[in-house]
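Taking it in order: structure first as structure tokens, then the write-up.
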Amino acid sequence: MTESLEFSTLLQLIDERSAAFRRAVAAARSLDAPVPSCPEWTLFDLVQHLGRGQRWWAAIVAAGPAEAPPAKDAAEVPRELEALLAWYAESNELLLNALREAGPERKCWAWWGAGVSPANAWGVARRRVHEVLVHTYDAQLATGAVQPVPADVAIDGVAEFLDTCNSTPAAWPHEAAIIHYHASEGRSWLLALDGTGAWPAPLTDDAAPASASATGTAEQLLLFVWGRLTLSDLKIEGDQQVFEQLIAWEPEE
């Protein structure tokens, strides 16, 4: 892992970002408003997605170690704004309560089990921080009131994405490459891609030269790896095709 926020900090961030998410939704003129960063989704779809996700991960954490996750809650979600926001607040509290009761070290199922991030309550809390963070950006974008992402949280978000979404033992199907992400706040990360998979690599003096690099603010890099910004929004150097291959890659483990 390239970052390590305290468990209590992660829980606080989930709570704070969820409050910002609810405020953004409450300010919307209509729950049918389109979400530009999530094509074909309305604001209602976004709330439903995030709330159901909070409930599912609450059940996963509560179940403890398991070979497979519990079934997702398919109960109908209220469509009236006030009731929907109350349902989401309850969903978020279910997750926070499950995480508090479990403690950071409790193991559980996680789809990134073969990656760098641990399959435990700490890893779930970290993943949910950034899920809520990015979907808060989506909601704010839909309502025309985007607020800056805190730099320290965005920095951890880039690292978390590499530790989960870009961490896999599935063989990289192209020529071996190294990607360098550099945040203008002074943090950098390497991602190595080869026959052993895709793995965050230590940024040392003797590290191999990067095949391609992307530079921007930590917020820009976070939104880029989550698919909210494009290559044109960053300063790209080296072989841009490597980024294009990574974006298109759907590894099978």
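Quick check on segment 157-251: take the gyration tensor over C-alpha atoms, sort the square-rooted eigenvalues as a ≥ b ≥ c, and tell me if it's rounded (a/c under 1.5), prolate or oblate.
Because its axes are fairly even, with a/c under 1.5, segment 157-251 counts as rounded.
Ranking request for peptides 216-222, 162-168: highest mean number of other beta-carbon atoms within 10 Å first, then the rest in descending order.
216-222, 162-168
How high is the FRET efficiency between E76 and H174 when r is their beta carbon distance and R₀ equals 41 Å, given to the nearest 0.05?
FRET efficiency, E76 to H174: 0.40.
Using just the alpha carbons, could you tell me how many Å³ per residue the convex hull of the chain encloses?
128 Å³
Using only DSSP helix segments of four residues or longer, with each worth -39500 (n - 2.57), what per-residue ellipticity at 222 nm results for the chain after dividing by its residue count and rounding to 500?
Result for the chain, helices only: -15500 deg cm²/dmol.
Where the Cα atoms of segment 64-136 are projected onto their three principal axes, how long is each span, largest first, in whole Å?
Answer, in whole Å and largest first: 40, 24, 22 Å.
If packing is taken as the mean number of other Cβ atoms within 10 Å per residue, what is the order of 223-230, 75-82, highest first?
Listed from highest to lowest mean packing, they are 223-230, 75-82.
By the scheme Lys and Arg +1, Asp and Glu -1, what is the net charge of all other residues having a beta-carbon under 11 Å from that of L223?
Charge balance near L223 sits at -2.
Remind me, relative contact order of the chain in percent, using alpha carbon pairs under 8 angstrom and six or more residues apart?
Relative contact order here is 19 percent.
Figure the gain on full extension for R100 and A66 (residue separation times 0.36 nm, minus the Cα-Cα span) and round it to one decimal in nm.
Numbers: separation 34, 0.36 × 34 = 12.24 nm, distance 1.91 nm.
Using 0.36 nm per residue and subtracting the Cα-Cα distance, I get 10.3 nm.
What's the carbon and sulfur percent of the chain's accessible surface, probe 1.4 angstrom, rounded to a whole number? Walk me through the numbers before you get to the answer.
Values: 5960 of 11870 Å².
Answer for the chain: carbon and sulfur cover 50 percent of the accessible area.
State which helices in the chain qualify, where a helix is a whole DSSP H run, it must extend 20 Å or more along its own axis by its Cα atoms, and its mean Kyte-Doolittle hydropathy must be at least 0.0.
In the chain, the long hydrophobic H runs are 7-26, 43-63, 81-102.
Mind giving me the FRET efficiency for S30 and S8? R0 is 30 Å, r the Cβ-Cβ distance, nearest 0.05 is fine. Each step should come with its number before you reach the end.
Numbers: r = 37 Å, r/R0 = 1.24.
According to the calculation, E is roughly 0.20.
Solvent-accessible area per residue for the chain at a 1.4 Å probe radius, Å²?
47 Å²
Label segment 83-177 by shape, choosing from rounded, prolate and oblate, from the square roots a ≥ b ≥ c of the eigenvalues of the Cα gyration tensor; if a/c is under 1.5 it is rounded, and otherwise prolate applies when a/b is larger than b/c, oblate when it is not.
Since a/c reaches 1.5 but b/c is at least a/b, the shape of segment 83-177 is classed as oblate.
The values are calculated or read from the model by the stated rules, or taken from the named source; none is laboratory data. Treat the numbers as computed from the prediction; the structure is a model and nothing was measured. All Cβ positions, even for glycine, are placed from backbone atoms using ideal geometry, and neighbour counts span all protein chains on display. Just the protein is used for accessible areas: all its heavy atoms, side chains included, with ligands, DNA and RNA removed. Shrake-Rupley method; radii C 1.70, N 1.55, O 1.52, S 1.80 Å.
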